[in-house]
Amino acid sequence: MSDDIRKLAADLTAAGPAVRPFARKAVQVTAHHIKDEWRAAANRTGLAGYAADVTYETRENVAGVVAEIGPTPGDSGSFGLVEDAPGNVYSSPQHAGRSALENNEDDFVRGIDAAVADALRAVGL
């Protein structure tokens, strides 16, 4: 985890519960972008069924807003083993998921920064 993400986590904790709905929106937007980019990259490898099984889900818990992004296990999503295999299959790993995550990190930080600013405005600060 980068230093920017750690600082952002501390800022979110300090902002309190007012930021939660704004943070959820930022997490959902970034999760959607990661899903779309992951699917596009997987489609380029010829694994259309696998690409279609890449989804995301967001939820809230006591720690905050959480997003899970990835293929659905048990369906065509199980082909993720082939797509991101560590070289033990007859193709090199594509790292579509990791690349999508890395490509969207800066956008996520900007989104959470905006969420904190929106929350502060909403509470009159």
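Quick notes on this structure:
- Qualifying residue in region 32-48 (condition: part of a loop (DSSP other than H, G, I, E, B) and either modelled with pLDDT of 85 or more or open to solvent by 70 Å² or more (accessible area, probe 1.4 Å) (or both)): no
- Given (1) closer than 23 Å to Asp118 by Cα; (2) in contact with a strand residue (DSSP E or B) (Cβ under 6 Å, 6 or more places away or on another chain); (3) in a helix (DSSP H, G or I); (4) not basic (Lys, Arg), number of the condition Thr58 does not satisfy: (3)
- Positions within region 92-121 being under 13 Å from the mean Cα position of the chain (by Cα), hydrophobic (A, V, I, L, M, F, W, C) and within 19 Å of Asp4 (Cβ to Cβ), in sequence order: Ala100, Leu101, Phe108, Val109, Ile112
- Residues considered: Val62, Val109, Val123, Val66. Of these, the only one that is of a type outside the set (Asp, Glu), surrounded by 15 or more Cβ atoms within 10 Å (Cβ to Cβ) and either modelled with pLDDT of 60 or more or at positive phi (or both) is Val109.
The values are calculated or read from the model by the stated rules, or taken from the named source; none is laboratory data. Note that the structure is predicted; figures quoted are calculated from it, not measured. Don't worry about glycine lacking a Cβ; one is built from the backbone with ideal geometry, like all the others, and counts go over all protein chains shown. Note: areas computed on protein heavy atoms with side chains; ligands, DNA, RNA excluded. Shrake-Rupley method; radii C 1.70, N 1.55, O 1.52, S 1.80 Å.
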